[in-house]
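The values are calculated or read from the model by the stated rules, or taken from the named source; none is laboratory data. Small disclaimer: the values here were computed from a predicted structure and weren't measured. Cβ placement follows ideal geometry from the backbone for every residue including glycine, while neighbour counts extend to all protein chains displayed.
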Amino acid sequence: MLATLEQVGNEYIATFERHWENTVEEVWSVLTQNNKLQQWMPNLEVVDLRKNGTMTFHMNDGTGNSFGISILDFQAQSHWQFEWGDESVRFELEAEEEGCKFVLKEYIPILNDHTPKDLAGWHICLDMFQAALNGEPIDFPVESWKAEYEAYKKIVQPFLEEDK
């Protein structure tokens, strides 16, 4: 399922929603435990998981370069928000009768031609998340990303045209 994109005030919010049959605790562990987190987002490492805590983004390009990321908001088993460049990303979990509702929101101050690439990346990361959740981690599927990128260009383009 593709993300929705809406303008709220002076920024944009991309919202990805998934419903999984797993418990909140199972989903939370794949979201926050480094050995599971890196199965779907291999660049991230949790250092201090709490509000005002930190994470590290590893470039994974052979240089050994990395940088810190601040955790903006956090409540265990409920939500986690961190800075993402000039943007921020928030994960929200909610128990449902048959599993867990999972919401990823990316808060985007300015849309540009790179935005569809980022959204396609998050989309694929969520596919990888689901595979990790099912105990069957997969490598980043480049061809699937290309297809999602084309779909997200169609979602973002009308907003870029409005901003002109």
Self-check item: Residue, farthest from VAL156 (Cα to Cα), within the stretch 93-111, restricted to residues that are crowded, with 18+ Cβ neighbours inside 10 Å and among the hydrophobic types (A, V, I, L, M, F, W, C)
Solution: CYS100
Quiz item: Give me the pairs: first residue in the stretch 89-109 and free of Cβ contacts under 8 Å to residues at least 40 places away in the same chain, second residue of a type in the set (Asp, Glu), beta-carbon distance under 9 Å, and six or more apart or on different chains, which are they?
Solution: VAL89/GLU83; VAL89/GLU106; ARG90/ASP73; ARG90/GLU106
Practice problem: Kindly establish whether PHE129 is of a type outside the set (Val, Ile, Thr), part of a helix (DSSP H, G or I) and at pLDDT below 95. | Solution: no
Practice problem: Give the residue, chosen from VAL47, VAL89, VAL30, that is farther than 21 Å from PHE159 by Cα, modelled with pLDDT of 95 or more and in contact with a strand residue (DSSP E or B) (Cβ under 7 Å, 6 or more places away or on another chain). | Solution: VAL47
Self-check item: Total residues in the stretch 111-123, condition in contact with a strand residue (DSSP E or B) (Cβ under 8 Å, 6 or more places away or on another chain) and either more than 26 Å from GLU45 (Cβ to Cβ) or among the small types (Gly, Ala, Ser) (or both)
Solution: 1
Self-check item: Conditions (1) in contact (Cβ under 8 Å) with a residue 40 or more places away in the chain; (2) touching a strand residue (DSSP E or B) at 6+ places or on another chain (Cβ under 7 Å): number failed by ALA76
Solution: (2)
Exercise. Give ALA76, ALA151, ALA132, ALA95 a once-over and let me know the one that is of a type in the set (A, V, I, L, M) and within 22 Å of GLU6 (Cα to Cα).
Key: ALA151
Exercise. Could you please give the count of residues in the stretch 135-148 that are farther than 18 Å from ALA3 by Cα, aliphatic (A, V, I, L, M) and either touching a residue at least 60 places away in the same chain (Cβ under 8 Å) or in a helix (DSSP H, G or I) (or both)?
Key: 1
Quiz item: Does LYS51 qualify as being outside any strand (DSSP E or B), in contact with a helix residue (DSSP H, G or I) (Cβ under 8 Å, 6 or more places away or on another chain) and among the charged types (D, E, K, R)?
Solution: no
Quiz prompt | Hits in the stretch 1-21 (condition: surrounded by 18 or more Cβ atoms within 10 Å (Cβ to Cβ) and either among the β-branched types (Val, Ile, Thr) or in a loop (DSSP other than H, G, I, E, B) (or both)) | solution = ALA3
